[in-house]
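What follows is one structure encoded as structure tokens, with my remarks underneath.
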Amino acid sequence: MFGTAKRDTALLIIVAILTLFAPFLLNPFPAGSAMAQFNAGYPDLMQRFVIFGIFAIGFNILFGLTGYLSFGHAAFLGVGSYAVVWMYKLLDYNIIWGLPLAIVISGVFALMIGFISLRRSGIYFSILTLAFAQMMFAISYSDLLGRFFGTTITNGETGLQVYRSDPQVLIDSWESVPHLLGLVEMRSTYTMRLGDWSFDFNAGYYFCAVIMLLTFYLAIRIFRSPFGMMLRAVKSNQQRMNYTGLNTRPYALAAFVISGMYAGLAGGLMAAMDPLAGAERMQWTASGEVVLMTILGGAGTLIGPVLGAGFIKYFENIFSKINDNVLHSWFAFLPDGIEDFMVVIVHPFVGKGWHLTLGLMFMLVVIFLPGGLVEGGQRIARLFRRKNARNDAPDGSKTPAE
Amino acid sequence: MSFSKLTRRGLIKTSAVAGAGLALPTYLRADAHSGFTNAPTGDTVTFGFNVPQTGPYAEEGLDELRAQELAVQHLNGEGDGGMMNTFSSKALKGNGIMGKKVTFVTGDTQTKSDAARASAKAMIEKDGAIMINGGSSSGVAVAVQGLCQEAGVIFMAGLTHSNDTTGKDKKANGFRHFFNAYMSGAALAPVLAKEYGKDRRAYHLTADYTWGWTQQESMAAATEAMGWETVNNVLTPLASTDFSSYIAPVLNSGADVLVLNHYGGNMVNSLTNAVQFDLLNKEVNGKKFEIVVPLYSELMAAGAGKNVQGVIGSMNWNWQLQDEGSKAFTKSFGEKYGRPPSNSAHTCYVQTLLYADAVERAGSFNPCAVAEALEDFDFDGMGNGPTTYRGADHQCFKDVLVMKGTENPSNEYDTLEIVEVTPRAQVEYEPDHPMFAGGDLGECNPGA
């Protein structure tokens, strides 16, 4: 089906079902309960899951297949966001104008940066991409381009916003937030209450989810294509490829541009969900984050980057919100002295210390599961299979992770 | 994978079941539509306190959080009531707000617009926050204010000093109690003229973002109006930690005053660098060299140590003020945390009380009703003397403090002393003043 092998089709369908039912899956605890702290099924976070999923899928096409480690992909994320917000400012709040432009412009930037950076490989390539991204960050953070032209381009540290004084030539009187063709507003949410549970169905989330499924499908096709094979060959031994008389650079450049366009699309979607583009999303920490996502989930696997993106975003948004008050309420059943002791013990790992927890998890994964979360899943599946002797599917243990 | 036997029929069956499962609950829904975002339904109401807990302004943020926690206690009738006893409006009874107990959630802005918006969104969407308060950067305040306008909740700004927050970027759902760069300039200029003379040559170092720009513009305009000359203005990146390379050229520029339009860690570092270069002991044009820091804070002064001695700047509020409101607040803050509150803590505390009071007076949590209650609201007893929340731009007008680094501090909190309380009339301006022009409040948005 869809021109993909059965296993890939199955994977695609599993991902589709997971994204479709995400509002249920991510809100397993009743709204008022103490565990509601761990619910992740609110629109903003669900949107982030799929948007950063797209970002990581695209990054994986470059890093997972060719092995070129780019430390500057966040630059394309920012470019995509700026493109979409500029379309809001010039035309109107319809996201249909901005998203294609985001993909095209980030593709152009990726072509320019990739053309230069890919002259080198290994650490030098990484440093070049990092340098370009930091340059772009500095330019947007101080709006140097805007200052040069005497107008606002990125609006510096405040971030690019839509003002009522902007031209917005196509604007209608009812438009005040991003929408799709006037059919549905991105922030419109339908909340379903079932007893104590509450589930949010957000239009923006489902829009992003559909786009993520499309890009996921595209990634599968790239992975399985002769082009994908060529990229894998670049990763395994580029020198030998060159000696056989094959010029590998166009392939690597194509992969770079494609992943740049993925990043631009992700950035565009961020602005489509929330009409503001800040320079911070181009900073090197954001570039590093997508590397973490990909490695954590499993570089070179199809589903890994999406899992990694979800994992990191969950930590960033859920663990960082656990403060001392919440801790005290958790340990309230203990005697006073022990309660305070427990709070002191747990305190460094939650709230603003969420980076520490994430770092520890990252270390554990890299040490014990070098193939990322996907490898963990495979090991569990293998355990399960060993017990169940009848099920001896030929794939799984012997084929590489995907 | 057990999906290897996937058939077309199987897929259709599965999707039909899934579709039915999804559609079913639509019949079970009881729609609670109340006309505005996050209308409190139970016996509690939730505030969202969005402050920097990491990054360059983390100190300020943590102090804001202390004050917000204190404000919630006072609203719920715990503790000694603090400023609720001195507040001129008596709508608050210490039984929560309209009988609902106040609870709060916190978020970390990281002093980044993106992160701040994400955490504010989480508080609004997940925790049902009805009001967002806090923050310590104008860039963040402008970004979060825009978000609150779209989401339909009230934004009670924390420490934000840029003219743009209630100027070019003002929003109908956003309110600022803190003073702004224009007021700093208007309050400082006469004091500077008196202390340092009217024929000074000023050199500006400016943090390169919205607050720095408007601060520099305001200072230059105010000082030039009384005869000073602006020699140069150099923009420094917000992320800088070493300002030596920016200080060196000051000596050769012929300037005799250095204006540091820096805040937080930036100001601590640039002031320390300037003192290391021994600027304060130099004589230029036959006059003693001076340094001015337009926006002061206790936490910055503590960070800069004895380098601030004798340096003049301005503040929104200081714990040393002797009016009843200030004394009550400083007392309850000191009893709870063992330290005096900073001016960012004060503004967040006051903003929280003002919001609660406006809800009581409006009789509704609806953002539009609350905004109406806050607009052109006159009050007193909150530490700044008689104050007005101007309806035209949602900016508070009140007295401004001109401060000076204490020459001989008696304890670790005695870092700044009050030089002058500049009366409100001197710092007032028209809503369409050129430094504030170009914005539009728009319509108040109640959300859903």
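FYI, it's all coordinate maths here, none of it is from the lab. All figures in this text were calculated on a predicted structure; none of them were measured in a lab. Neighbour counts run over all protein chains shown; Cβ positions are idealised from the backbone, glycine included.
So which trypsin sites (Lys or Arg not before Pro) in region A:88-142 pass both tests, a DSSP loop state and at most 14 other Cβ atoms within 10 Å of the Cβ? Kindly include the intermediate steps, with their values, before the conclusion.
Values: sites: A:K89, A:R119, A:R120; in loops: A:R119, A:R120.
Here the sparse-neighbourhood loop sites are A:R119, A:R120.
Relative contact order (percent) for chain B, with alpha-carbon contacts under 8 angstrom and 6 or more residues of separation?
Details: 966 pairs, mean separation 87.2, N = 448.
Contact order relative to length: 19 percent.
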* In percent, what relative contact order does region A:221-375 have, based on Cα pairs under 8 Å that are 6 or more apart in sequence? -> 19 percent
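In region B:32-126, which trypsin sites (Lys or Arg not before Pro) fall in coil by DSSP and have 12 or fewer other Cβ atoms within 10 Å? Working shown, then result.
Numbers: sites: B:R66, B:K90, B:K93, B:K100, B:K101, B:K112, B:R117, B:K121, B:K126; in loops: B:K90, B:K93, B:K112, B:K126.
Taking region B:32-126 and a limit of 12 other Cβ atoms within 10 Å, the loop trypsin sites (Lys or Arg not before Pro) found are B:K90.
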* **Fraction in percent of alpha-carbon pairs per bin - 20 Å, chain B** => 25, 51, 17, 6, 1
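Do any chymotrypsin sites (Phe, Trp or Tyr not before Pro) in region A:120-213 lie in a loop, going by DSSP, with at most 10 other beta-carbon atoms within 10 Å of their beta carbon, and if so which? Present the calculation step by step, with values, prior to reporting the outcome.
Working: sites: A:Y124, A:F125, A:F132, A:F137, A:Y141, A:F148, A:F149, A:Y163, A:W174, A:Y190, A:W197, A:F199, A:F201, A:Y205, A:Y206, A:F207; in loops: A:Y163, A:W174.
When the chymotrypsin sites (Phe, Trp or Tyr not before Pro) of region A:120-213 are filtered for loop state and at most 10 Cβ neighbours within 10 Å, A:W174 remain.
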* Between B:L401, B:N76, B:V45, whose Cα lies farthest towards the positive end of the dipole of chain B when Lys and Arg beta carbons carry +1 and Asp and Glu beta carbons carry -1, centred on the Cα centre? -> B:V45
* Nearest-20 debye value, the protein assembly as shown charge dipole, Cβ charges on Lys, Arg, Asp, Glu -> 4640 debye
* Could you tell me how many degrees, from 0 to 90 and to the nearest 10, lie between the Cα long axis of helix B:343-362 and the main elongation axis, the longest principal axis, of the Cα atoms of chain B? => 50 degrees
* Asked: Hey, got the Cα dimensions of region B:394-446 along the principal axes, in Å, largest first?
  -> 51, 28, 16
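Which value, to two decimals, describes the C-alpha radius of gyration of region B:152-310 once divided by 2.2 N^0.38 Å?
Working: Rg = 15.9 Å, N = 159, 2.2 N^0.38 = 15.1 Å.
In units of the 2.2 N^0.38 Å rule of thumb, it is 1.05.
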* FRET efficiency, A:A5 to A:N242 (Cβ-Cβ, R0 35 Å, nearest 0.05) -> 0.70
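Calculate the dipole size of region A:296-376 relative to its Cα centre from +1 charges on Lys and Arg beta carbons and -1 charges on Asp and Glu beta carbons; express the result in debye to the nearest 20. Walk me through the numbers before you get to the answer.
Values: 3 positive and 6 negative charges, 67 e Å.
Dipole about the Cα centre, nearest 20: 320 debye.
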* Gained length - A:I17 relative to A:A34, 0.36 nm times residue gap less alpha-carbon distance -> 3.3 nm
* Quick one: among B:N281, B:N269, B:N163, which has the greatest mean-square fluctuation in a GNM of chain B with alpha-carbon springs under 10 angstrom? => B:N281
* Asked: Using 1/(1 + (r/R0)^6) with R0 = 51 angstrom and r between the beta carbons of B:D440 and B:E412, what's the FRET efficiency to the nearest 0.05?
  -> 0.65
* Structure fact -> Taking Cα atoms only, helix B:181-196 is inclined relative to the longest principal axis of chain B by an angle, in degrees rounded to 10, of 10 degrees
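Report, in debye and to the nearest 20, how large the dipole of region A:6-281 comes out about its Cα centre when Lys and Arg carry +1 and Asp and Glu carry -1 on their Cβ.
On the way: 17 positive and 13 negative charges, 281 e Å.
The dipole of region A:6-281 has a size of about 1360 debye.
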* Structure fact -> The Rg/Rh figure for the protein assembly as shown, Cα atoms and Kirkwood Rh, to two decimals is 0.99
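Would you mind ranking A:I258, A:I123, B:I154 by Cβ crowding within 10 Å, fewest neighbours first?
Numbers: A:I258 21, A:I123 10, B:I154 27.
So the ranking, lowest neighbour count to highest, is A:I123, A:I258, B:I154.
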* To do: In Å and from the alpha-carbon atoms only, list the Rg and Dmax of region A:16-86.
  => 16.3, 48
* Asked: When chain B is modelled as a GNM with alpha-carbon springs shorter than 10 Å, which of B:L251, B:L205, B:L271 fluctuates the most?
  -> B:L251
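Return the average number of partner chain Cβ atoms within 10 angstrom of each residue Cβ along peptide A:158-166. Walk me through the intermediate numbers first.
Working: counts 18, 11, 1, 7, 2, 7, 5, 4, 0.
Mean inter-chain Cβ contacts per residue within 10 Å come to 6.
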* Could you give the nm distance between label points at B:D43 and B:M98, where each point is 7 Å from its Cα heading toward the beta carbon? -> 1.7 nm
* Structure fact -> Within 10 Å of the Cβ of an average residue in A:313-320, the count of other chain Cβ atoms is 3
* Past 30 Å, Cα to Cα, is the threshold; run B:K93/B:K327; A:K352/B:K398; B:K121/B:K306; A:K352/B:K336; B:K101/B:K327 against it and keep the listed order. => A:K352/B:K398; B:K121/B:K306
* Asked: Rg (Å, one decimal) plus Dmax (Å, integer) for the alpha carbons of region A:6-281?
  -> 20.4, 67
* Would you tell me the mean number of C-beta atoms belonging to other protein chains that fall within 10 Å of each C-beta in B:98-110, as a whole number? => 2
* Structure fact -> In a Gaussian network model of chain B with springs linking alpha carbons closer than 10 Å, the residue among B:A39, B:A91, B:A207 that fluctuates most is B:A91
* Structure fact -> Between the modelled labels at A:S173 and A:L356 (7 Å from Cα along Cα→Cβ) the distance in nm is 5.7 nm
